[in-house]
Amino acid sequence: MDIKTNLAYIQENIRKACEKTNRDLSEITIIGVTKYVTIERTIEAMEAGVHHFGENRAEGLLEKYNHIDQPAKWHFIGTLQTRKVKDIIDKVEAIHSLDRESLAKQINNRANRVIDCFVQVNVSEEESKHGLAVADVIPFVELLAAYENIRVVGLMTMAPHVSDEEVLRKTFKDLAQLRDVIMTKNYAHAPCKYLSMGMSNDYEIAVEEGATHIRIGSKLVGS
Ligand SMILES: *Cc1c(COP(=O)(O)O)cnc(C)c1O
């Protein structure tokens, strides 16, 4: 499918979800996940009006970053190996997968500016998923205060791979609730305003539940 058509369709669904829940459309950033597609297809997405891109491997991010001249904002959304931090750190708008102290330490040491990070939460506590259990998130956010180059801008999750709307909704609600608790603590290093949640199959529900960053691959650029 033509990316312009896909984007218009997604934007219309986001608009409806916002209308339903009294949210402002401008709060939502669409991240086009280009991990499945070529450089050419990524450029096509840029030309269609996508400005934020997500990659889940350092190699994929570098390949596109190095071969695309147009200005774009790159988000790292996958499991990040500590030894690869140095390769991507000066190229990213944000890292969505901060989930352990060894990674925080590496980001902190390799960065020469403050890096916006989302703490990844395994809300559904599936064994196959990365991210912290809900109960471990606040202690983890607190220990990040020691790392001056890390700013916790939000929380990220991947919902379970199910079609049951109530299960998806509950996952997003739980993440939003946790974000609200963290915000009340007014941590200087962790404003934690954002929620990175919602993918091709569940982004409308995620927006209804407060998502600010949705990560869409297959339904936007293809798979
Ligand atoms: C692949 C991926 C996405 C996008 O998935 P789609 O279902 O194709 O939209 C979003 N977030 C993460 C972390 C991913 O790895």
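The values are calculated or read from the model by the stated rules, or taken from the named source; none is laboratory data. Everything quoted here is computed from the prediction, not taken from an experiment. Neighbour counts run over all protein chains shown; Cβ positions are idealised from the backbone, glycine included. When the accessible area is computed, the model is the full protein with side chains, heavy atoms only, and any ligands, DNA or RNA have been set aside. Shrake-Rupley method; radii C 1.70, N 1.55, O 1.52, S 1.80 Å.
Calculate the FRET efficiency for residue 165 and residue 185 from the Cβ-Cβ distance with a Förster distance of 30 Å, rounded to the nearest 0.05.
0.45
In square angstrom, what is the accessible area per residue of the chain with a 1.4 angstrom probe?
That works out to 48 Å² for each residue.
Report, in deg cm²/dmol and to the nearest 500, the calculated mean residue ellipticity at 222 nm for the chain, where each DSSP H run with n ≥ 4 adds -39500 (n - 2.57) and the sum is divided by the residue count.
Helix contribution divided over all residues of the chain: -12000 deg cm²/dmol.
May I ask you to give the percent of accessible area on the chain that is carbon plus sulfur, with a probe radius of 1.4 Å?
Reported share for carbon and sulfur atoms: 47 percent.
Under 10 Å, Cα contacts only: if you run a Gaussian network model on the chain, which one of 70, 11, 106 comes out with the highest mean-square fluctuation?
Checking each option, the largest mean-square fluctuation is seen for 70.
List the pairs from 16/173; 35/105; 16/129; 64/105 whose alpha-carbon separation is above 24 Å, in the order I gave them.
Distance filter (> 24 Å) returns 35/105; 16/129; 64/105.
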